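Here the structure comes first, spelled out in structure tokens, and everything after it is commentary.
Readers should treat all values here as calculations from the given coordinates under stated rules, not as data from a laboratory. Here the structure is a predicted model, which means the values were calculated and not measured. Here the Cβ positions follow ideal geometry from the backbone for every residue, glycine too, while neighbour counts run over all protein chains shown.
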Amino acid sequence: MGEKRIEFRPIAIVVSGFVLVIFVGAGLLCLPFAVRSGRPDFFTALFTSTSATCVTGHTIVDTYSYFTGFGQAIVLLLIQIGGLGFITIISLFMLWLKKDVTLSDRKLALQAAGGLKLSGVKGLMKCIFVGTFGLEALGAFLLAFGTVPKLGWGQGIWQAIFTSVSSFCNAGFSLTGASGEMSLSGYASDPLFLLTVTALIVLGGLGFFVWCDILSARFRPSAYSLHTKMVLVVTGCVIVASWAAFAGFEWNNPGTIGDMSAGDKVINSLFFAVTPRTAGHYTVDMNNFTDGSYLLTNLLMFVGGSPGSTAGGIKTTTAAVLILTMVSAARRERQVRVRKRCIDNEDVISAVTVTIIYVIAVILSVFLICAVDGGKDYVSDYGETIAGGIDIGTVTFEVISAVSATGLTMGITAELSVFSQTVLILLMFFGRVGGYTLVLVFSETRRPAAVTRLPEHIMIG
């Protein structure tokens, strides 16, 4: 009688990998030489490690002021691992060491990287490796033109590297505390800096498979897969529409971009249209946003980037499938169609399910945080005391930002109780692996349900 073999599902490996990275990172951030002064606090380290690994950007302490260079390097490493994905990192090392990649390893790497074809795993891994570090290096070079004159060579280059990696991985962490600024507010009038960060965010949010598909097709749109076409169309439409909307909402708002030059208004509006899609950087105090910008930011955070990317949210393709499903339902079509192609029903079910789960997570978390911290006055990141306390709108913004792995904040994160901060930790983890995990569960569970009776219709709406 042979021993019973324990099988580990890919989903368990992915989730366990992220948990392991988070706690190892928290342990390293708790080392005495990781913080500038005082005794390291484990909860602060855990919150920061979770936020970095889940490429969120939420913080309860200023990264530059609290952590030493070593601590900052650990945060940067966690961002890189979280952005690429635990399994992707392992696969890259296996290729680097010229180790054979088994079939199960290929499947796992494919799922982690957002690929669609098993035969192209090695090419996908190499594309990810070269593309990621190449773009981050180019981004750091361009950002240095803004940081070095401000901070000097040493700190300037380090901040350029940190910001480039953070932007590409859609993390939202920054070291601008070195110059006494919040996020990227000091670069609101630097077109090269903002456009570079914007480009890094967009490229990181497209997805690794999209890159490889574009390169393999030699930039011929007709040869792109349906997935790539959908990602590019949805991303482009969302950016252009949001750009115009933010410009219209904030053009004359003195609390944000109203006092800037016309050129700076246009560039900052573009930046606002991109950064809520899980990047988390900001250049103005978002407490001064108009209601339209506030609502649009929530919507953009919830949607997020694209599958297989460094971004979070329900993903652009999920949003597109939901819209296409409504259109098909209105036309009484049995299949969801796009450009004479049918979308698999399993993908439609997954899109609907992921969205519902995210909505439930948001509603439940808002309820819990409001129950514990509702009504408390707080001080924003810009030092402003917000009268009237933490309201449901502010909490909702914070929750959506956490679950979508964005990291944008109205300035209440550090003011919340440990209980509410723990809720945000769970949300950040769920936002990085939750929806993605759910899709994997559905893809691996294909046992047909037993049908005992003929299907019946019910009334909807």
Evaluated over segment 200-292, the Cα radius of gyration and Dmax, each in Å | 15.9, 47
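Using 0.36 nm times the number of residues separating residue 326 and residue 181, minus their current alpha carbon distance, what extension gain do you get? Each step should come with its number before you reach the end.
Details: separation 145, 0.36 × 145 = 52.20 nm, distance 4.47 nm.
Residue separation times 0.36 nm, minus the Cα-Cα distance, leaves 47.7 nm.
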Residues whose built amide H sits under 5 Å from the amide H of residue 35, excluding neighbours closer than 5 in sequence, are 68
Cα-projected label distance for residue 73 with residue 42, points at 7 Å along beta-carbon direction, nm | 2.6 nm
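Suppose the chain between residue 153 and residue 344 were pulled fully straight at 0.36 nm per residue; how much longer would it get relative to their current alpha carbon spacing?
Numbers: separation 191, 0.36 × 191 = 68.76 nm, distance 5.31 nm.
Full-extension gain reported as 63.5 nm.
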What length, rounded to one decimal in nm, is gained on full extension from residue 226 through to residue 337, with 0.36 nm per residue of separation minus their alpha-carbon distance?
-> 38.8 nm
For residue 410, which sequence-distant residues (separation of 5 or more, or a different chain) have an amide H within less than 5 Å of its own amide H, given hydrogens modelled in the peptide plane?
-> none
Residue 372 versus residue 419, label points 7 Å from Cα toward the beta carbon: distance in nm?
-> 0.6 nm
